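Novice: Take this structure first; my questions come after.
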Amino acid sequence: MLGTKNKTFSLNSFDPYPIISKKEFKKSKNLCHIRLQQRNGRKSLTIIQGLNEKLNIEKIIKALKKEFCCNGCILCDVNLGKIIQLQGDQRENVIKFFLEQEIVSKKNFKIHGI
């Protein structure tokens, strides 16, 4: 193999599940829109948009997926910014999580859907 070097990685240097500090989560001043999108049958998606752009969305979605035992992804839109998409109806869980972690204040939620 040309141009490859033998790289060794220390297992102690990388923490795949870092503790998310409250300094990283600053309260968002924008409205946080939480929507429920119905798919086919009983399947549904929870869509979260309008979070502060300074927040680390990757860490937030990682914590949400681990907390609610569901899958999710981040969608990037030119007009809307980063959008979090979670499987299932997670609206109430997301609201509780954001209030506990002090990401968004209670008056900045806008819930759409059924």
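The values are calculated or read from the model by the stated rules, or taken from the named source; none is laboratory data. Computed from a prediction, not measured in an experiment: that's the story for all the values here. Please note: Cβ atoms are built from the backbone with ideal geometry, for glycine as well, and neighbour counts cover all protein chains shown. We work out accessible area using only protein heavy atoms, side chains counted, and drop any ligands, DNA or RNA first. Shrake-Rupley method; radii C 1.70, N 1.55, O 1.52, S 1.80 Å.
Novice: Quick one: Karplus J couplings for the stretch 50-58, per residue in order, coefficients 6.51, -1.76, 1.60, θ = phi - 60°, nearest Hz, x for Gly and Pro?
Specialist: x, 6, 4, 5, 7, 6, 8, 5, 4
Novice: Sticking with this one: Ordering 80, 86 from largest to smallest accessible area (1.4 angstrom probe), what's the sequence?
Specialist: Numbers: 80 90, 86 0 Å².
From most accessible down to least: 80, 86.
Novice: Something else about it: Residue by residue through the stretch 102-109, what is 3J(HN,Hα) from phi via Karplus (6.51 cos²θ - 1.76 cosθ + 1.60, θ = phi - 60°)? Round to whole Hz and write x for glycine and proline.
Specialist: Coupling constants for the stretch 102-109: 6, 7, 10, 7, 5, 6, 9, 8 Hz.
Novice: Would you kindly derive the ³J(HN,Hα) couplings of the stretch 65-74 from the backbone phi angles with the Karplus curve 6.51 cos²θ - 1.76 cosθ + 1.60 (θ = phi - 60°), listing them in order in whole Hz, with x for Gly and Pro?
Specialist: 3J(HN,Hα) across the stretch 65-74, in whole Hz: 5, 6, 5, 9, 6, 9, 9, x, 8, 10.
Novice: Exactly which trypsin sites (Lys or Arg not before Pro) in the stretch 51-114 are in a DSSP loop and have at most 16 other Cβ atoms within 10 Å?
Specialist: Listed in order of number, the matching sites are 54.
Novice: At what distance in nm do the modelled label points of residue 62 and residue 100 sit from each other, each positioned 7 Å from its Cα along Cα→Cβ?
Specialist: Taking the two extended label points, one gets 1.9 nm.
Novice: Moving on to the next point. At 1.4 Å probe size, what's the solvent-accessible area of residue 36? Round to the nearest 10 Å².
Specialist: So the heavy atoms of residue 36 present about 40 Å² to solvent.
Novice: Please label the shape of the stretch 46-114 as rounded, prolate or oblate, based on the square roots a ≥ b ≥ c of the eigenvalues of the alpha-carbon gyration tensor (a/c under 1.5 means rounded; beyond that, a/b larger than b/c means prolate, else oblate).
Specialist: Note, shape of the stretch 46-114 comes out rounded.
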